[in-house]
Every structure is written in C-alpha cells, then in structure tokens.
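Each remark here refers to the structure printed beneath this line.
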Amino acid sequence: MRRLVVACLVLLSFAGVASAQEAHARLQLDDEPYVGVPFVLGLVADGFDESPAPVTPKLELPNAVVTPLAPQPNVRQSISIMNGHQTASKSVTWVFRYKIEIAKTGRVNVPPLTVTQGSKKATAAGGAFDVASIPSTDEMKISLTLPDRPIFVGENVEATLTWLFRRKPQQDPQFSVPLMTRDDFLVSAPPATDPRQALEFPAGTKTLQLPYAFDQVDVPGAGKFNRVVVKFYVAPKKAGKLELPAASVAAALPVGRADFFGNAPAKLFRVTDTPRTLEVKPLPETDKPASFAGAVGSQFSIALGTSRSVVQLGEPVELAITVKSDQRLDTLSLGRLDGPGGLPKDKFTVPAETPTGELADDGHTKTFKVTAQVTGPATEIPAIAFSYFDPVRGRYQTIHSDPIAVSVKGGSIVGAGDVVAASPTKTTQTAAPADGVVALGAGVDLALSAPGAAGDRPFGGTILWILVGALYLIPLALFAMRTWQLRTAGDREEAAEVRAARMRVEQELMRAAREPARDTAGALVTAMRAFARALDRDPEDDGGLAAKIETESFSPKAASSPLSADLQGRAEDLMKRWTAESKRKKSPRKAAAALILLAVLAPGAADAAPDQALADGRAAYQQAMTVTDASARKAAFARAALSLGEAARATPDRPELLTDWGNAALGAGDVGTATLAYRRALAIDGENGRARKNLNWLRAKQDPSFRPAAGTAADTLFFFHSWPRARRMLVGALAFAVCVLLVIPWSGKRRRGLTGLSVLPAAVWLAMLVSLIVEDRRGDDAVVMDAVVLRAADSAGAPAALASPLPRGAEVTLVERRDSWTKIRLANGTAGWVPGGAVERISQ
C-alpha cells in the first residue's frame, strides 16, 4: 500500500507549467525514501537547448541534507522521410538530481522548482511524499573507529568502518557516513584495484569506491558474523570539538524460507553506530617555519633529483622532488619553490603555481615535478627545505634534501666542491705536470690518464668473438680434413682404379666402332672383365655379352667390318648399369664435423666518449692539479667529476675514463662516487693499477666491519681469475688451438711426444674454461652513495640495525627489493633495510 501511495502521491504526474516555447518540467522519484538513507530526487526538464546549461534550482527541505548533483543533458536526434522530404528533429532533456538524506519520519513537501535557461522557463509542480523509518535488527552491526586522542588540523588519520552481518544481503548495502560528507574534512582512500572488491560510499557531491577486506569473526555473546572492514583517511580542516553523527548501513536481508530457486523474501533493515566527538587542535603559530605548507605527521623524508647536471645559462632543468612518509600523502602539497627554503630567485625561476604531485601506488610516496629555469650563475641546486608539524613531539620539524651540483655554462661557476657533505681530505700538491700525480694521502694516486687513453676499452666486441671463433674452428677444420684424408686414402686409390678401368672400356668401344671386330673384340672383352673386377663384380655377370662379342669376332665379316652396333650399344648399357649399381651399393662415407656455435653479440655502436664532456672534464681536472687554494681546488675537482661522470655514463665500458671519474670524485671529497667508479673500472679491467690502488686506500679508511674480505691463498693460486674476461677467452682459445694442432697426425700417425705435449695446453684450456663458467660476476654488489641509517625492517619507523649510519662508499650486497626499500648485507654479514635510492648497483 505504501509503495502505491509513493507512486501516486510522489510522482502525482507532476504536470509542468509549459511556457510558450513548450518547455516543461516534472519531478521524479524512483526509490522509496527512508530515514537516514540517501536517495535521489530527479527534476526532468524538456524543451530546453543543449547549451548553455540551465541554472540548477535551489531545493531546501526541512530536517534534510540536500546535495545538488551535476546536471546531465540527454540529447535525442531523429530523421524522418515522408513523401521524399527529409525532416530532422532534436530533443534535449535536462535531468537535475538532488541527493537527499532525511533525519525524521513523516510527510515531506517539495516546493515547486523552476528551471531557467535564458528566456525559457519551466516550473515543476510541487508534491509530497512520506518518509518511513527502517527497522533495526540484531543480524547486523556497524562501528566507526577513529583515533582516541586529539588530532591536529591537517593531520591525516586513519578511520576504520566495520560492518558485521550474519546473512548475505540480497542487494548492495547503502552506507551513510556523515564524516565523509562534511566540508570540514578531507577524505582520501587507497584506490580500488578490483571493482568487485569495493563498496560505494556517498561523499558530498561524489561517490567513493573504497576497497574492503572480508573475513568471519566470532563476537562474544553474539555468535559468528561475516565481517567487512573498510579503511579510509580523514584530515580535519578546522579546530574545535567536532560532533560527528552516527554512521549507519541499510541492507535488504532475507527473511522467511527460500523458494525452490533459492530466493527468499527480503526486508530492509538498518543499524546505526553511536555519535562521536573528535577533538581537533589548531597548529601552533609559535616557531612555525616559513616553508611550512600544512604537512602534519611524524616521519617524512625528501629527495631532490634533476634531469641533467650540465646546463646552459637560461635553459630549463627538470626537477623531481620526492617526499616519503609512513602515512598516506593524498592531501600533501608543497609550498612555493621560490619562497623561503626553496630556490634563490636571483638564480632560478619557477612557475608561480604550486606543483601538483603524483602519488605512488603505495600512497606513501609523492613526487612533484617542476621545471626551473637557470637565470643566474649557479654551482648547485640548493637543498630544498620541507617543514612539517610532528603531532607526537608537538613541534615543527624541518628537513632538507641533498643539494645537487650543476655546471652552468656561461655563468661564473664555482663547482660542486662546496656541495658534498663529507669533510674535505687534506691534500698535498707535488710539482708535477698537468697530468701528474697528487697524493691525498699515502697510497693515493690521482694521476689523470694519458691523452687519448680515456677512450680506450679492453679488447672485445665482434673482433674478439671472430678471433676466438677462428682459434677454435681453424684447428678443428684442419683436424677434420687431415683425418678425412687418412681415412679415405684407400677409397680414393680404389676410385682411381675404377676410373682407369672405365676409361679403358670407353677407349676399346671407340676402337670397336672403327676397326674390324676381329682386331678389337678380344681387347674389349678383356677391358670389360677388368672393369668388373675393379667394381668387385663377377666378370661372368654380363648376361653372355662377352661370349657374343667373341663369337662375332670369328664370323666371316669380322675381318673387314667393325663390331655390330647392337653389341656396342649393349656393352655401353652394361657399363652404365654396373656403374649405377656400384654407386647405390656403396654407402656414402660422411666425415664427422665438429661445429662450434658462437653467439656473436652485435655490440652497439662503439661511440667514443662525448668529446665536449670529456674535454671539459680533463680541462677542469688539469686546472685542479695546479690550484693551491683548497676550496678552489675542490671545486675544480667537482666540476671535473660532473663532466667525466657524464662521459662515463654515455660510454660505461672505458676503464680509464671510469678511473679518471673516480679520481675527480675523490679529489672533490665524494667517496661514494669514487668507490662506485673504481669498482666499475675494475669490473671491466681487473688489472687497472690506478683504480686498484685508490680503492684499496679508500677501503683502508673505512671501518673494518665495512671492508670486503681480503684475498685468500686460493686467489693467489688461481691468479688468472682476476684477468679480464677477454684475456681468459683468448688464452683458452689459443691453448685449445695448440692442443688440437699437436694431436693432428700430420705424418699419417700420431707421435707420442707431440701427443704428450698436448696435455699442457689442454690443462690451460680447461682452466680458462672453468674460470669463465664458475666466474662470479658479482651482479648484486652495490655502493652506499649517501650516509643512511640501516633499518631492521622496510619502514622509516623501524629501529636502527646499527648504532651509527652507514658511511658513503660502503660496499654492500643487494639481497632483496621491496617497493621503495632495499635489503642489503654488509661485509661482516649484518643485514638491514635502506631506501632504494641510497645505494647504487655496480653492474650496469
């Protein structure tokens, strides 16, 4: 009966008051309204134009929260053809929707609503409908959990909505969480990756798709329930004691007995949580940093990255500012980058608008990308300040990113020496040429490579594979050819005898065609029998042809006439048949060929190191070797490290260039980059003296717990393991070639002395082969680039695994990567977690 009342009274066939242009409007209510359950009231307007959008009429109802939704036009076009005439028509229907949530039962009167678009107007007649209450039930429970402490304005806190139910609802539940609809809260949530595992929640003018977790739980005193848990995050915008109405859920639960098809009658039930009060404290104004932009939390980190380190004055450079935290950063924003704690205005120009960040999938990392223009001479992109309020400590905190050294061409460059955080090592200059040696301490060699040597790389590439392949294939080919010669010597002699016998038969047949049969018959028969014996055939297996030839030779005509054409033809056919049968019976002897498949890798274009960057780096390096002032010397080394590093990244297979890069970084005090460059140089050429010497010096300065294990007696015995890979390949291929050449039976039989000598090159070849197969390429080795705390777990809040931070240049082994964290193992076996950007893998 109630639904009939709703259908009749609510709709009431709301006749619109049509204007002269036949515009009319009507109200539309599709769902039965209940207390506390949001529903939608529609206003349908016909006869209006597609644009501009009509003004949404304002609707106010007592004891109700009305939220206008965005209007949508429905456009219908049709074409009719009658008596050859084509007529096009177009109708536009605007639908205005209001989301309404009513707090009390009773009758609700809807006032008339007028839709206006320019000169067109249409008024929908008012109406009324009844709002009923939904019964409660013990079959469901709902609760909203918030922090039980005061929170601060802007603090992003977690809220948990728990819904318990015994029987599965027959329709999607309708949630009402007033906290989500309030204007004084920012609501965020992780994205729902699977729509099937998401629930809809109305939040003001939008609808949130929130993921949920489902399980079953035993409630003391109530029994077993299905449980749905939804987590989201809220950040208050204003301070005070905020009264939060109770959250509720309405769902159609099955009642009664199910029919044959498993369908049971359903009834709508509703359960409600208790109202709550949330105390929100204002942020203190005392000691508020100028760079504070509203971030609130207990743990943050900031990192600065750049697209390039060498720019021309006036060129743009792309900056990436990454902020990480232990909480979600949906609402995080940065302040102006040209403000306090940002980029100096006399050297950089940034956009006036605040950058929009890109949130990572985990929600705990946000990256802001900014294009900054270099407008003045600069030696670095300075550290960016990031301020936040720590609600646990109750005070503001300010952290900074690491500065990035840049080389601005066309400006007054000081260099990166003033940027590195490590304290400078005291240097001593010696009288030496520009490419001479300067010692930072005992055992340090800062010699620059000879001119032109920076572009050198170890022997390798296609030429190496061709040479190695030739050393394997040519001896094997000689061995196969000589073996075939010896094995087929008898066959080849037999073949010569057969060819001679056949030629003799052919010659006698030619004579028999010209000369009298009496003179040629005997020689022809003798040649045929010799040919049969050469083929290992019975000479009598000729079908009596020889006898017929001999008989004809005694005929009266044989003294003056040649052998008859018939017998000549039969003799030629017999020779052909014998030859063909001999070929079919003789099994073809195939020499076994040893094939070695070489995977010749097509290397990329062997470009030389970029000329400009290499020239700039060497010039800055040579300048540093002649400067006496410590600060200017360090700055020159830093400029050299920037340019040489750029060249090394473009051509990473040049050990001399990598060593020069490491020397420049070492002179600038950047021990992390220096260690990385030396390790990469030694990975290519293990006998690079400069890289080996300086790396050993750096290791000697490290704490013993961070030093890699020293060489053992086995390393001394198997010294060739440190040879470059190309050298071991060549030595192995050469030893293989010598071994094969010694065992080839050049004289027809193997000599014991030469065969005995082949054991030595065979052993060398086997040693090189095993060295290449079991070689540990150490692909998981890495270097700590920035001083960082080693954590016991992959979280910024995890306890430290060591009492002191890991120093720059510490050599570690990568164990595992997990999101933005990397698990590493130190030389002494200690393992822990560090941010992924704090370490860099040696292998490229």
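The values are calculated or read from the model by the stated rules, or taken from the named source; none is laboratory data. What you see is a predicted model, and the numbers here were worked out from it, not measured in a lab. A quick note on method: Cβ atoms are made from the backbone with ideal geometry, for glycine too, and the neighbour counts reach across all protein chains shown. Accessible surface is based on the protein model in full, side chains and every heavy atom, while ligands, DNA and RNA are left aside. Shrake-Rupley method; radii C 1.70, N 1.55, O 1.52, S 1.80 Å.
Could you tell me the ratio Rg/Rh of the range 500-560? Both radii from Cα atoms, Rh via Kirkwood.
A ratio of 0.99.
Over the Cα atoms of the range 220-325, each weighted equally, I'd like the Debye log10 I(q)/I(0) at q = 0.19, 0.22, 0.25 Å⁻¹, rounded to two decimals.
Here log10 of I(q) over I(0) equals -1.21, -1.32, -1.41.
Which pairs break 19 Å Cα to Cα here: LYS58/LYS121; LYS224/LYS267; LYS120/LYS206; LYS241/LYS281?
Beyond 19 Å between Cα atoms: LYS224/LYS267; LYS120/LYS206.
Quick check: convex hull of the Cα atoms in the range 21-154, volume per residue, rounded to a whole Å³?
210 Å³
Provide the gained length on full extension for the span LEU545 to MET481, in nm with one decimal, where the gain is 0.36 nm per separating residue minus the Cα-Cα distance.
Value of the extension gain: 18.7 nm.
Using a 1.4 Å probe, how large is the accessible area of LEU179, given in Å² and rounded to the nearest 10?
LEU179 exposes around 0 Å² with every protein chain in place.
Against the empirical 2.2 N^0.38 Å scaling, what ratio does the C-alpha Rg of the range 105-176 come to?
Values: Rg = 21.4 Å, N = 72, 2.2 N^0.38 = 11.2 Å.
With N residues counted in the range 105-176, Rg over 2.2 N^0.38 Å equals 1.92.
Taking the Cβ of LEU253 as the centre, find all other residues whose Cβ is under 12 Å away and add up their charges (Lys, Arg: +1; Asp, Glu: -1). Mind dumping the intermediate values first?
Values: positive: ARG166, ARG167, LYS168, LYS267, ARG270; negative: ASP138, GLU139.
Taking every Cβ under 12 Å from that of LEU253, the sum is +3.
Measuring from label point to label point, each 7 Å out along Cα→Cβ, what is the ALA128 to ALA70 span in nm?
Placing both labels 7 Å along Cα→Cβ, they lie 3.7 nm apart.
Could you work out the equivalent-ellipsoid semi-axes for the range 469-538, taking the square root of 5 times each eigenvalue of the Cα gyration tensor, largest first, in whole Å?
43, 12, 6
What is the calculated FRET efficiency for VAL217 to VAL759, with r their C-beta to C-beta distance and R₀ = 60 Å, to the nearest 0.05?
The formula returns an efficiency of 0.20 here.
Going 7 Å from the Cα of GLU506 in the Cα-to-Cβ direction, what parts of the range 522-566 have a backbone nitrogen less than 20 Å from that spot?
523-536
Take TYR678, TYR472 and sort them by solvent-accessible surface of the protein heavy atoms, 1.4 Å probe, largest at the top.
Working: TYR678 0, TYR472 40 Å².
I get TYR472, TYR678, largest accessible area first.
If each residue of separation counts as 0.36 nm, what is the full-extension length gain between ASN63 and ALA360 once their alpha-carbon separation is subtracted?
Extending this stretch completely gives an extra 102.7 nm.
Quickly rank 476-485, 810-819 as a protection proxy: mean count of other C-beta atoms within 10 Å, highest first.
Working: 476-485: 14.5, 810-819: 16.7.
Per-residue Cβ counts within 10 Å, averaged per peptide and sorted highest first, yield 810-819, 476-485.
Write down the radius of gyration of the range 155-256 and its Dmax, each obtained from C-alpha positions, in Å.
When restricted to Cα atoms, the range 155-256 yields Rg and Dmax of 15.0, 50 Å.
Over the range 103-145, consider all pairs of different Cα atoms and compute the Kirkwood hydrodynamic radius from their mean reciprocal separation; express it in Å, one decimal.
Values: mean 1/r = 0.0696 Å⁻¹.
Result for the range 103-145, one decimal place: 14.4 Å.
On a C-alpha basis, how far is the centre of the range 81-153 from the centre of the range 269-320 in Å? Whole number, if you could?
Going from one Cα centre to the other spans 37 Å.
Find out how many positive minus negative residues lie around SER555, taking Lys and Arg as positive, Asp and Glu as negative, among other residues whose Cβ is under 14 Å from that of SER555.
-1
Which value, in Å² and to the nearest 10, is the accessible area of GLU581 when all protein chains are kept and the probe is 1.4 Å?
Roughly 40 Å² of GLU581 is accessible to a 1.4 Å probe.
Give me the one-decimal Kirkwood hydrodynamic radius in Å for the range 204-278, with the sum taken over alpha-carbon pairs.
The Cα-based Kirkwood calculation yields 16.4 Å.
Which net charge results for the neighbourhood of GLN216, defined as the other residues with beta-carbon distances under 9 angstrom from its beta-carbon, given Lys and Arg at +1 and Asp and Glu at -1? Show your work: numbers first, answer last.
Numbers: positive: LYS224, ARG227; negative: ASP215, ASP218.
Summing Lys and Arg as +1 and Asp and Glu as -1 gives 0.
Compactness ratio of the range 645-689: Cα Rg over 2.2 N^0.38 Å, N = residue count?
Normalised Cα radius of gyration, the range 645-689: 1.00.
Given the protein chains as shown and a 1.4 Å probe, how many square angstrom of LYS324 are accessible, to the nearest 10?
The accessible area of LYS324 comes to roughly 60 Å².
May I ask you to list the residues of the range 308-328 whose amide nitrogen lies under 17 Å from a point 7 Å from Cα along the Cα→beta-carbon direction of THR371?
Under cut-off, by backbone N: 308, 311-321.
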